[in-house]
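Engineer: Supplied in structure tokens, the structure appears directly below.
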Amino acid sequence: MLEIFVVVVLPALVVVAAVSDLMTMTIPNALVLVVVAAFAAAAPLAGLGLAEIAVHFAAAALVLVVGLLLFIPGWIGGGDAKLAAALALWLGFDPLLTWFVLFALFGGALTLATLYYRSAPLPRRLTRVDWLARLHHPKSGVPYGVALAAGTLALWPDTSWFAGLG
């Protein structure tokens, strides 16, 4: 049963968050809550005790605080901060630094790609595609949930969750 959460559920939720952010510039709160609920279901299956679960929640709290500090000046969106905290709940403290570096690199690449996309006029036929027009608008921001997803999926196979599948 744990394999379903590790191999299917969390990766699928991460992809849904990325697609949602790309197409709507929002990450629904309900989706973030499902990520948290999936952790609550998977943690006992992985044999995590209450102390280990508390450490995972502490990692999530730390990432939420950092995310809120980045949200206040408008550097990231609120959904990005909440999604990052929910994903940190799954990761715990051990891989956080590597994860931060990965999604920062993906975020930089995404930002450059978005700026490049916005530097040319959008072909008229694409202006009718809402999410492409929204993404092209210079004040719409960058869908950083895509970078969070890419960093998470790149790191995911190297986490302790996969080590426990043996």
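Engineer: Would you please list the contacts, defined by Cβ atoms under 7 Å and residues six or more apart or on different chains, that run from a residue in region 34-47 that is over 14 Å from Ala17 (Cα atoms) to a residue that is assigned to a loop (DSSP other than H, G, I, E, B) and not small (Gly, Ala, Ser)?
Structural biologist: From residues that are over 14 Å from Ala17 (Cα atoms), the pairs are Leu45/Met1.
Engineer: Across region 4-28, what is the number of residues that are polar (S, T, N, Q) and part of a helix (DSSP H, G or I)?
Structural biologist: 2
Engineer: Sticking with this one: Looking at Ala113, Ala149, can you tell me which residue is more than 30 Å from Ala43 (Cβ to Cβ), among the aliphatic types (A, V, I, L, M) and open to solvent by less than 80 Å² (accessible area, probe 1.4 Å)?
Structural biologist: Sole residue among the options that is more than 30 Å from Ala43 (Cβ to Cβ), among the aliphatic types (A, V, I, L, M) and open to solvent by less than 80 Å² (accessible area, probe 1.4 Å): Ala113.
Engineer: Give me the residue from region 29-67 that is open to solvent by 60 Å² or more (accessible area, probe 1.4 Å) and of a type outside the set (A, V, I, L, M) and, out of that set, farthest from Ala163 (Cα to Cα).
Structural biologist: Going through the qualifying residues, I end up with Asn29.
Engineer: Which ones in region 65-78 are under 24 Å from Asp94 (Cα atoms) and either touching a residue at least 24 places away in the same chain (Cβ under 8 Å) or over 16 Å from the mean Cα position of the chain (by Cα) (or both)?
Structural biologist: Hits for region 65-78 are Leu69, Ile76.
Engineer: If we only count helices (runs of 4 or more DSSP H) wholly inside region 29-140, which ones have 2 or more residues that are more than 22 Å from Ile4 (Cα to Cα)?
Structural biologist: Where helices (runs of 4 or more DSSP H) fall fully within region 29-140 and carry at least 2 residues being more than 22 Å from Ile4 (Cα to Cα), they are 50-71, 78-91, 96-119, 130-136.
Engineer: How many of the residues making up region 141-164 are within 18 Å of Asp94 (Cα to Cα) and part of a loop (DSSP other than H, G, I, E, B)?
Structural biologist: The qualifying residues number 2.
Engineer: Could I ask something else about it? Could you list, in sequence order, all residues of region 55-94 that are out of contact with any helix residue (DSSP H, G or I) (no Cβ under 6 Å at 6 or more places or on another chain) and more than 23 Å from Ala30 (Cα to Cα)?
Structural biologist: Listed by number, the residues that qualify are Val55, Pro73, Asp94.
The values are calculated or read from the model by the stated rules, or taken from the named source; none is laboratory data. Keep in mind it's a predicted model, so treat the numbers as computed, not measured. Ideal geometry is used to build each Cβ from the backbone, glycine not excepted, and the neighbour counts take in all protein chains shown. Heads up: the accessible areas ignore ligands, DNA and RNA and are worked out on the full protein's heavy atoms, side chains in. Shrake-Rupley method; radii C 1.70, N 1.55, O 1.52, S 1.80 Å.
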